[in-house]
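J.: This is the structure I have questions about; it appears just below.
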Amino acid sequence: MSRQTKSAVPKSAAPARFNAGDRVQVRELPNLFYTRTQMYIRGATGIIAERTYEDLTPEDEPWNRDDAQREQYYIVRFRQKDLWPGYPFEGDTLQTELPDGWLESAGK
Amino acid sequence: MVEEITDFEVLEIAVRELAIEKGLFTAEDHRKFTEWAEQIGPVGGSRLVAKAWTDPVYKARVLSDPISACREIGIDWAEPTGSGTPSDYMNLRVLEDTPTLHHVIVCTLCSCYPRPLLGHSPYWYRSPNYRRRLIRWPRQILAEFGLALPPEMEIRVEDSNQKCRFMVLPVRPSGTDGWTEKELAEIVTRDTMIGVALPRPGRTADDVRPVHKARRPVPHEGEARP
């Protein structure tokens, strides 16, 4: 059953802090139990490729916390050279999707 | 891949039988859903790509509103089974390859895959081997599939770790001028929409991956023990 049928009017999401092109860094946060922020991406710096949708975070949704604050999700693009030491190809990139709370601004 | 019944298959049978016993669904419900699930293949994706290759206006829609573009070719992500089971996953992104950019898709956390368009994922896509290695050594993995791309090209790995689902829109290969959509769809195989193969004239099937025979196989229902 889709979540839209469960609650009446969903609370508005936390304001989206980033736009396409912004430089962001993935936060190093402790997580108990469930998360979908991969270990390999923690602390990495990339740019916002696009905004995708607003939804509950993976830290809240599995616990049926339907009233928790929803967040903006983004596809974030990283240079492979920044992710892996000695990665030999200049132009290769990796994209993955992260909610707003896992990101902080990395300046210009 | 090892050809042997797995713990998960045993678990599925046990959970299914318990659910039927408890009245959560009937065996008939399960049979109908299984038949639907097992017959979906990559045909929808192939048709989408072939249509995008021949119709630039449709291609623009594929990139800007992919869920609507899917509906136009008969794939409805809101009602993928046609039997009232809505999908929670309505965020599709079609990744457009160019002569300088090649995409390849993985789900490192589990095995997320655009099933309404491509059907079931191949077993290798779900293996820890692929999921752990593709993000770190993409070119080596592609080479294992027989695909070696020049270093000047950008290889972009898409790790589908949340609710977006992805499919690759490959570059239309040369040697296909004047082809009909049907002819084009025949060379758009599943592996070309994951990103581990490139479409080309004459290539109408994905490469067969090795299967290791079980040393002590458990016979399936109805089979004699060897």
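J.: In segment B:187-202, is there at least one residue being over 19 Å from the mean Cα position of the chain (by Cα) and of a type in the set (A, V, I, L, M, F, W, C)?
T.: no
J.: Another question, then. Just checking: which of the strands (runs of 3 or more DSSP E) contained wholly in segment A:38-102 hold 3 or more residues that are of a type in the set (Asp, Glu)?
T.: Fully inside segment A:38-102 and qualifying: A:45-55.
Conditions (1) of a type in the set (Gly, Ala, Ser); (2) open to solvent by 30 Å² or more (accessible area, probe 1.4 Å); (3) at pLDDT 95 or above; (4) farther than 21 Å from residue B:38 by Cα, marked per residue:
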position	(1), (2), (3), (4)
B:88	no, yes, no, no
B:99	no, yes, yes, yes
B:102	no, no, yes, yes
B:113	no, no, no, no
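J.: Let me ask something else about it. Please work out which residue is nearest to the other protein chains (Cβ to nearest Cβ), limiting yourself to segment B:131-170 and to residues that are in contact with a strand residue (DSSP E or B) (Cβ under 7 Å, 6 or more places away or on another chain), open to solvent by 10 Å² or more (accessible area, probe 1.4 Å) and in a helix (DSSP H, G or I).
T.: Checking each candidate, the answer is B:139.
J.: Report yes if some residue within segment A:24-33 is in contact with a strand residue (DSSP E or B) (Cβ under 8 Å, 6 or more places away or on another chain), within 11 Å of another protein chain (Cβ to nearest Cβ), hydrophobic (A, V, I, L, M, F, W, C) and assigned to a strand (DSSP E or B); otherwise report no.
T.: Checked against the condition, which is being in contact with a strand residue (DSSP E or B) (Cβ under 8 Å, 6 or more places away or on another chain), within 11 Å of another protein chain (Cβ to nearest Cβ), hydrophobic (A, V, I, L, M, F, W, C) and assigned to a strand (DSSP E or B), segment A:24-33 yields no hits at all.
J.: While we're here: So which residues in segment B:168-187 are closer than 17 Å to residue B:99 by Cα and hydrophobic (A, V, I, L, M, F, W, C), if there are any at all?
T.: B:168, B:169, B:171
J.: Let me ask another. Output the residue which, of all residues in segment B:171-183 that are open to solvent by 40 Å² or more (accessible area, probe 1.4 Å) and not small (Gly, Ala, Ser), is nearest to the other protein chains (Cβ to nearest Cβ).
T.: Looking at residues that are open to solvent by 40 Å² or more (accessible area, probe 1.4 Å) and not small (Gly, Ala, Ser), I get B:171.
J.: Next up: Among (1) of a type in the set (Asp, Glu); (2) at pLDDT below 95; (3) open to solvent by less than 60 Å² (accessible area, probe 1.4 Å), where does residue A:67 come up short?
T.: It fails just one condition, (3).
J.: Right, another one. Taking only pairs six or more apart or across chains, which ones have beta-carbon atoms under 8 Å, a first residue in segment B:208-223 that is more than 30 Å from residue B:192 (Cα to Cα) and among the small types (Gly, Ala, Ser), and a second residue that is open to solvent by less than 90 Å² (accessible area, probe 1.4 Å) and at pLDDT 75 or above?
T.: Short answer, once both residue conditions are applied: none.
J.: Would you mind finding the one in B:188, B:196 that is out of contact with any Ser or Thr (no Cβ under 9 Å at 6 or more places or on another chain), open to solvent by less than 10 Å² (accessible area, probe 1.4 Å) and more than 12 Å from chain A (Cβ to nearest Cβ)?
T.: Exactly one residue qualifies, and that residue is B:196.
To keep it simple, each residue is scored yes or no on (1) within 24 Å of residue B:150 (Cα to Cα); (2) without any contact (Cβ under 8 Å) to a residue 24 or more places away in the chain; (3) within 8 Å of chain B (Cβ to nearest Cβ); (4) touching a Lys or Arg at 6+ places or on another chain (Cβ under 8 Å).
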| position | (1), (2), (3), (4) |
| --- | --- |
| A:68 | no, yes, no, no |
| A:73 | no, no, yes, yes |
| A:82 | yes, no, no, no |
| A:89 | yes, yes, yes, yes |
| A:95 | yes, no, yes, yes |
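The values are calculated or read from the model by the stated rules, or taken from the named source; none is laboratory data. Since this is a predicted model, take the numbers as computed values, not measurements. Glycine also receives a Cβ, built like all others from the backbone with ideal geometry; neighbour counts cover every protein chain displayed. Accessible surface areas use protein heavy atoms only, side chains included; no ligands, DNA or RNA. Shrake-Rupley method; radii C 1.70, N 1.55, O 1.52, S 1.80 Å.
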